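Peer 1: One structure coming up, written as structure tokens, with questions to follow.
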């Protein structure tokens, strides 16, 4: 990993930690340490899986060149990374899946916002050409562009804050996780046309994430966990 | 368990040994000098991307597939030149063969003198020039898709 990218990783991790700390202060039921470990582990697994898929797609043999896995800058397959991170998080939180993912979702979105805002430290915020008043340009360039990574950071931070508010008001387990997935997919889908890319991004995957997130949220609304019921717990001796 | 570890270790060694090494049909790379390289840049009629690489450079291996894809997409608008530095002919040709970089225009700079004329050292290094040789961006280290796409757009736009 190059040091410029490390700045984005650091701002992402700082955003995640800040959000978890803030949420833990307002909701004493949360076990912040568990959530932190789940998110960081899932993030690292996602990054490794995304890099591995990018290497295979680029024709680089990962067995012959295992060191290339560390060169994250050379490309990470977003769809594979997201899928691996989500599956890892679900596996790690399996003991109390819906509640844990609900608690993770706002913090994860805020961490993602931090990752995007990290572009400020590595001079990588610019996207496609734009003549809007707030458009920026590269040093010495007459061409102004969308600061697309800041758009993404702002939208994700707003979504994180909204999800946290909704979680406190509507405690239907799974609802926030579903809405979080939808929000992440929507932000990515909306900002994708403003990103400078050589190839069309995995836009269908983002659309699929939105639909899947809405489906999970709708299912959660229909299947709320009864609060205050004894469930299957036998009488205490 | 021990047998499994031994088998896996042998498979890893075999895969590592099998990787690369063949020069295929790649012809020897033409040697260049600082003056020739500067002339090539200054007389560029199209936007130019100059990628400095070496076969022993692991990050160069990582960015090679991206550069190959970019060259295939922008072939008609942008000239892509690879400058192989401080390397051997056979190793360089094997690298070109392994990553299918035959469509690139490659130059050979065994002493690194031509790269020195760019005023920047180290590999990988990617320089973006608008037509006429105006330097737009000098990118040190592995290049990512966003940086490559952004600077390709810059040099095309500034040349137009």
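Any read-out appearing in this document is the output of simple, stated calculations on the displayed coordinates, not a laboratory observation. Fair warning: this is a prediction, and the values are worked out from it, not measured in the lab. Cβ atoms come from the backbone with ideal geometry, glycine included; neighbour counts cover every protein chain shown.
Peer 1: Checking the structure you have, find out if any residue of the stretch B:72-79 is within 14 Å of chain A (Cβ to nearest Cβ), within 24 Å of residue A:68 (Cα to Cα) and touching a helix residue (DSSP H, G or I) at 6+ places or on another chain (Cβ under 7 Å).
Peer 2: Scanning the stretch B:72-79 turns up no residue that is within 14 Å of chain A (Cβ to nearest Cβ), within 24 Å of residue A:68 (Cα to Cα) and touching a helix residue (DSSP H, G or I) at 6+ places or on another chain (Cβ under 7 Å).
Peer 1: Next up: Among the residues of the stretch B:147-156, is any away from every other protein chain (no Cβ under 11 Å) and either surrounded by fewer than 18 Cβ atoms within 10 Å (Cβ to Cβ) or assigned to a loop (DSSP other than H, G, I, E, B) (or both)?
Peer 2: No, because not a single residue in the stretch B:147-156 is away from every other protein chain (no Cβ under 11 Å) and either surrounded by fewer than 18 Cβ atoms within 10 Å (Cβ to Cβ) or assigned to a loop (DSSP other than H, G, I, E, B) (or both).
Peer 1: Would you call residue A:172 assigned to a helix (DSSP H, G or I), within 23 Å of residue A:90 (Cα to Cα) and in contact with a helix residue (DSSP H, G or I) (Cβ under 9 Å, 6 or more places away or on another chain)?
Peer 2: No; evaluated as a whole, the condition is false for this residue.
Peer 1: Residue check, residue A:196 against (1) within 14 Å of chain B (Cβ to nearest Cβ); (2) assigned to a helix (DSSP H, G or I); (3) buried (at least 18 other Cβ atoms within 10 Å of the Cβ), all met but one. Which one?
Peer 2: Exception for residue A:196: condition (2).
Peer 1: Further question on the same structure: What is the one condition in (1) touching a strand residue (DSSP E or B) at 6+ places or on another chain (Cβ under 6 Å); (2) crowded, with 21+ Cβ neighbours inside 10 Å; (3) within 14 Å of another protein chain (Cβ to nearest Cβ) that residue B:139 does not satisfy?
Peer 2: Checking residue B:139 against (1) touching a strand residue (DSSP E or B) at 6+ places or on another chain (Cβ under 6 Å); (2) crowded, with 21+ Cβ neighbours inside 10 Å; (3) within 14 Å of another protein chain (Cβ to nearest Cβ), the one that fails is (2).
Peer 1: A follow-up question, please. Take residue A:205 and tell me if it is assigned to a helix (DSSP H, G or I) and farther than 25 Å from residue A:26 by Cα.
Peer 2: yes
Peer 1: Also, I was wondering about something else. Can you name every residue in the stretch A:53-65 that is more than 24 Å from residue A:204 (Cβ to Cβ) and more than 8 Å from chain B (Cβ to nearest Cβ)?
Peer 2: Matches in the stretch A:53-65: A:62 only.
Peer 1: With (1) surrounded by 22 or more Cβ atoms within 10 Å (Cβ to Cβ); (2) away from chain B (no Cβ under 13 Å); (3) not in a helix (DSSP H, G or I) as the list, and residue A:30 as the residue in question, which single condition is left unmet?
Peer 2: Every condition holds for residue A:30 apart from (1).
Peer 1: Something else about it: Which one of these is more than 10 Å from every other protein chain (Cβ to nearest Cβ), over 22 Å from residue A:128 (Cβ atoms) and either under 13 Å from the mean Cα position of the chain (by Cα) or assigned to a loop (DSSP other than H, G, I, E, B) (or both): B:64, B:120, B:114?
Peer 2: Selected residue: B:120, the only one of B:64, B:120, B:114 that is more than 10 Å from every other protein chain (Cβ to nearest Cβ), over 22 Å from residue A:128 (Cβ atoms) and either under 13 Å from the mean Cα position of the chain (by Cα) or assigned to a loop (DSSP other than H, G, I, E, B) (or both).
Peer 1: Residue A:134: out of contact with any helix residue (DSSP H, G or I) (no Cβ under 7 Å at 6 or more places or on another chain) and farther than 22 Å from residue A:23 by Cβ, yes or no?
Peer 2: Criteria met by residue A:134.
Peer 1: Can you name the number of the only condition in (1) buried (at least 21 other Cβ atoms within 10 Å of the Cβ); (2) closer than 23 Å to residue A:23 by Cβ; (3) in contact with a helix residue (DSSP H, G or I) (Cβ under 6 Å, 6 or more places away or on another chain) that residue A:186 fails?
Peer 2: With (1) buried (at least 21 other Cβ atoms within 10 Å of the Cβ); (2) closer than 23 Å to residue A:23 by Cβ; (3) in contact with a helix residue (DSSP H, G or I) (Cβ under 6 Å, 6 or more places away or on another chain) applied to residue A:186, the lone miss is (1).
Peer 1: One residue is enough: does the stretch A:58-70 have a residue meeting the conditions buried (at least 20 other Cβ atoms within 10 Å of the Cβ), touching a helix residue (DSSP H, G or I) at 6+ places or on another chain (Cβ under 6 Å) and touching a residue at least 40 places away in the same chain (Cβ under 8 Å)?
Peer 2: Looking for residues that are buried (at least 20 other Cβ atoms within 10 Å of the Cβ), touching a helix residue (DSSP H, G or I) at 6+ places or on another chain (Cβ under 6 Å) and touching a residue at least 40 places away in the same chain (Cβ under 8 Å), one finds none in the stretch A:58-70, hence no.
Peer 1: Can you work out which of the residues in the stretch B:111-127 that are over 19 Å from residue B:62 (Cβ atoms) and touching a strand residue (DSSP E or B) at 6+ places or on another chain (Cβ under 7 Å) is surrounded by the most Cβ atoms within 10 Å (Cβ to Cβ)?
Peer 2: Selected residue: B:115.
Peer 1: Another question, if that's okay. Being surrounded by fewer than 19 Cβ atoms within 10 Å (Cβ to Cβ), in a helix (DSSP H, G or I), over 22 Å from the mean Cα position of the chain (by Cα) and away from chain B (no Cβ under 14 Å) is true for just one of A:158, A:221. Which residue is that?
Peer 2: A:221
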